[in-house]
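Participant: Let me begin by handing over the structure; questions about it come next.
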């Protein structure tokens with residue numbers, strides 16, 4: 001799902017979506033001149049040969065668009081788990097220079113290991129009972145919730161100083177909701193409904209990916225009050241119950257302040273960790289030599305971009321009166 005053009009089109013907060021048949025990426029202007037490309041959010045699969053050819057063909061009278069300096073993307077932790085990463089990396093290096101490094105560890109629940117639900121502490125079970133008494137779970141996305149999720153994401157962004165590149169906007173959530181409303185089996189939006197107020201104070205978005213097959217937690221948000229009433233516990237436990245004997249990936253520890261507790265919380269529903277990798281491909285060697293000759297490169301990928309800028313905190317926006325028409 002993360003690699004599909006219909007999903008890439010919802011990532012406009014990161015740059016300009018570019019679609020060439022089955023190949024899709026996000027284009028960004030480069031301060032020193034020119035354009036580069038980045039992959040899906042939060043991650044995607046290893047680029048295949050057709051994808052690499054599309055990247056290289058653009059701007060060479062073969063495909064419409066600017067010539068691209070590089071492509072950089074985060075590789076799904078389950079894609080790395082499924083095979084020795086040296087195999088796809090060596091395949092890529094036969095076509096262009098490729099750079100790979102570990103980004104961060106990600107948590108998961110694997111079906112071939114004992115379920116975390118079997119080892120819940122007495123406190124966790126008590127909290128789940130309390131949450132079930134206070135909230136009703138909706139697994140069919142029967143209510144409109146894009147504005148709610150975007151608003152809660154804004155609050156999380158502000159509280160944890162989450163980087164702009166890791167904080168989706170309302171347009172993105174509206175696009176996800178539009179896809180889910182078309183009964184796509186690869187998207188689930190789980191919400192909780194307050195039994196007393198009939199309000200929706202929390203949601204969890206799950207995305208199913210292939211090769212290998214598995215669920216991925218895209219976004220999990222709750223109001224502060226719902227968290228205190230253990231609504232987050234109920235959302236994660238429901239996701240485990242609905243995982244259909246497939247792996248479910250909870251993501252890594254986000255950047256910013258106050259995230260150690262989030263890692264601890266996710267660990268309660270996990271039985272496995274595996275890293276996601278940052279991959280960068282050099283496409284226009286002449287253009288890259290020009291840029292790299294004029295600045296001090298870094299260990300960030302791509303190495304000509306400023307890490308502090310890439311990880312700059314997002315600025316929460318007022319979406320209270322924003323109307324969004326999803327382009328799906």
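Participant: Under a GNM of the chain (C-alpha, springs under 10 Å), which listed residue has the highest mean-square fluctuation: 150, 50, 209?
Facilitator: 50
Participant: Note the full-extension length gain between residue 130 and residue 117 as 0.36 nm times their separation in residues minus their Cα-Cα distance, in nm to one decimal. Don't skip to the answer; put the middle values down first.
Facilitator: Numbers: separation 13, 0.36 × 13 = 4.68 nm, distance 1.63 nm.
Computed gain between residue 130 and residue 117 is 3.0 nm.
Participant: Test of understanding: what is the full-extension gain from residue 84 to residue 16, defined as 0.36 nm times their sequence separation minus their Cα-Cα distance? Walk me through the intermediate numbers first.
Facilitator: Values: separation 68, 0.36 × 68 = 24.48 nm, distance 3.24 nm.
Stretched fully, the residue 84-residue 16 segment lengthens by 21.2 nm.
Participant: When a footprinting reagent is the concern and you count Cβ atoms within 10 Å, what order do 245, 36, 306 take, fewest first?
Facilitator: Details: 245 6, 36 27, 306 13.
Ranking 245, 36, 306 by Cβ neighbours within 10 Å, fewest first, gives 245, 306, 36.
Participant: Using only alpha carbon positions, build the gyration tensor of segment 55-191, then give the equivalent ellipsoid semi-axes as the square roots of 5 times its eigenvalues, largest first, whole angstrom.
Facilitator: Numbers: eigenvalues 272, 117, 51 Å².
Gyration-tensor ellipsoid for segment 55-191: 37, 24, 16 Å.
Participant: Quick one: in segment 108-273, what % of C-alpha pairs are over 28 Å apart? Could the numbers behind the result be given before it?
Facilitator: Details: 2289 of 13695 pairs.
Counting every Cα pair in segment 108-273, those more than 28 Å apart make up 17 percent.
Participant: What nm distance separates the two modelled labels at residue 225 and residue 293, each placed 7 Å from Cα along Cα→Cβ?
Facilitator: With each label point 7 Å from Cα toward Cβ, the separation is 6.3 nm.
Participant: Further question on the same structure: Compute the separation of the alpha-carbon centres of segment 262-308 and segment 42-91 and state it in Å as a whole number.
Facilitator: A separation of 14 Å, based on Cα centres.
Participant: Rounded to two decimals, what is Rg over Rh for segment 65-134 when you use alpha-carbon atoms and the Kirkwood radius?
Facilitator: Working: Rg = 20.6 Å, Rh = 16.6 Å.
A ratio of 1.24.
Participant: Could you estimate the translational diffusion coefficient of the chain from the Stokes-Einstein equation, with Rh from the Kirkwood formula over C-alpha pairs, at 20 °C and 1.002 mPa s, in whole µm²/s? List each step's numbers first, then the result.
Facilitator: Details: Rh = 20.8 Å.
The calculation lands on 103 µm²/s.
Participant: What spacing in nm lies between the two simple spin-label points modelled at residue 139 and residue 211, each 7 Å away from Cα in the Cβ direction?
Facilitator: Simple spin-label model gives 2.9 nm for this pair.
Participant: To continue, here is another question. Round to a whole angstrom and tell me the spacing of the C-alpha centers of segment 92-152 and segment 234-248.
Facilitator: 8
Participant: Turning to a different aspect of this structure: Taking R0 as 30 Å, what FRET efficiency do you get between residue 29 and residue 50 from their Cβ-Cβ distance, rounded to the nearest 0.05?
Facilitator: 0.70
Participant: While we're here: If I model a spin label as a point 7 Å beyond the Cα along the Cα-Cβ vector, how far apart are those points for residue 60 and residue 184 in nm?
Facilitator: Distance between label points: 3.1 nm.
Laboratory data are not the source of any read-out in this text; all were calculated from the coordinates shown. Only a predicted model underlies this, so the values are computations on that prediction, with no experimental measurement involved. Reconstructed Cβ throughout: ideal geometry from the backbone, glycine too, with neighbour counts over all protein chains shown.
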